[in-house]
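Following: one structure in structure tokens, then a few remarks.
The values are calculated or read from the model by the stated rules, or taken from the named source; none is laboratory data. The structure displayed is predicted, hence computed values, not measured ones. Ideal geometry is used to build each Cβ from the backbone, glycine not excepted, and the neighbour counts take in all protein chains shown.
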Amino acid sequence: MFTATLVLTVLGFSLGGGLAIAAKLFSVAEENPLVEQIEALLPGSQCGQCGFPGCKPAAEAMADGSAEITCCPPGGRALAETLADMLGIDINSLGETSAPLLASIEESLCTGCTRCFKACPTDAIVGANKQIHAVIRSACTGCGKCKDACPEDCIHLDAEQPDLNNWHWPKPLVA
């Protein structure tokens, strides 16, 4: 009985030590918490409009200062102002940001080929084969992939109309 207890104790300590060594050898480096905060603010559509392959590389570049905080067109001015406040950047130095673009489909030209909603990274286009398609405006990021895929040229990208969520009053000039 004493031998069994001793063997189990030695086995437990040796396996525990092996797991501790493996945890140190194969540990994943901790990420910058600022990158995670910035990534949580980004749209997460991985559209590539910012010039990066996804939102995580864009967040890393914004955190280390190698990318402008206005580089995300789907986020628009509201995202840029939030990031400026978070990173301690002067809001007046942002300059003008373009309004986010939204896709719209001209129904008279749409043949229902389904190429547009297969190309959409956010599933913002709904419809069926040989039927008219529609754009869910709240899900559209304006990346233009649907416009590039459309053989009928019935998709247009227009600036988002101002509403209470995205309206920006420019600061008056000081005389």
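Give the residues of the stretch 140-175 that are modelled with pLDDT under 85 and of a type in the set (Asp, Glu), sorted by residue number. Within the stretch 140-175, Glu160, Asp163 qualify. Restricting attention to the stretch 109-124 and to residues that are of a type in the set (S, T, N, Q) and touching a residue at least 24 places away in the same chain (Cβ under 8 Å), the residue that is farthest from Ser138 (Cα to Cα) turns out to be Thr111.
Restricting to the stretch 83-124, count the residues that are among the aliphatic types (A, V, I, L, M), closer than 18 Å to Ala159 by Cα and surrounded by fewer than 18 Cβ atoms within 10 Å (Cβ to Cβ). Steps first, please.
Taking the stretch 83-124 as the starting set, the residues that turn out to be among the aliphatic types (A, V, I, L, M) are 83-84, 86-87, 89, 91, 94, 99, 101-103, 105, 109, 119, 124.
The next check asks that each one be closer than 18 Å to Ala159 by Cα; those that pass are 99, 101-103, 105, 124.
Subset that is surrounded by fewer than 18 Cβ atoms within 10 Å (Cβ to Cβ): 99.
Looking only at that region, the number is 1.
Taking the criterion of being assigned to a helix (DSSP H, G or I) and not assigned by TED's automatic domain parsing to the domain that holds Glu152, would at least one residue in the stretch 111-120 satisfy it? Step through it out loud before you land on a result.
Here is the first cut: in the stretch 111-120, the residues assigned to a helix (DSSP H, G or I) are 115-119.
Those still in the list that are not assigned by TED's automatic domain parsing to the domain that holds Glu152 too: none.
Looking through the stretch 111-120, none of the residues is assigned to a helix (DSSP H, G or I) and not assigned by TED's automatic domain parsing to the domain that holds Glu152.
So in the stretch 40-72, with the set limited to residues that are out of contact with any Asp or Glu (no Cβ under 7 Å at 6 or more places or on another chain) and charged (D, E, K, R), which one is farthest from Pro100 (Cα to Cα)?
Ranking the candidates gives Asp64 first.
Going by the conditions given, is Glu68 touching a Leu at 6+ places or on another chain (Cβ under 9 Å) and free of Cβ contacts under 8 Å to residues at least 12 places away in the same chain? When the stated conditions are applied, Glu68 passes them. So, of the residues in the stretch 1-48 that are surrounded by 10 or more Cβ atoms within 10 Å (Cβ to Cβ) and of a type in the set (Asp, Glu), which turns out to be farthest from Gly144 (Cα to Cα)? Filtering first and then ranking leaves Glu31. Take Ile69 and tell me if it is out of contact with any Pro (no Cβ under 6 Å at 6 or more places or on another chain), surrounded by 15 or more Cβ atoms within 10 Å (Cβ to Cβ) and within 30 Å of His133 (Cα to Cα). When the stated conditions are applied, Ile69 does not pass them.
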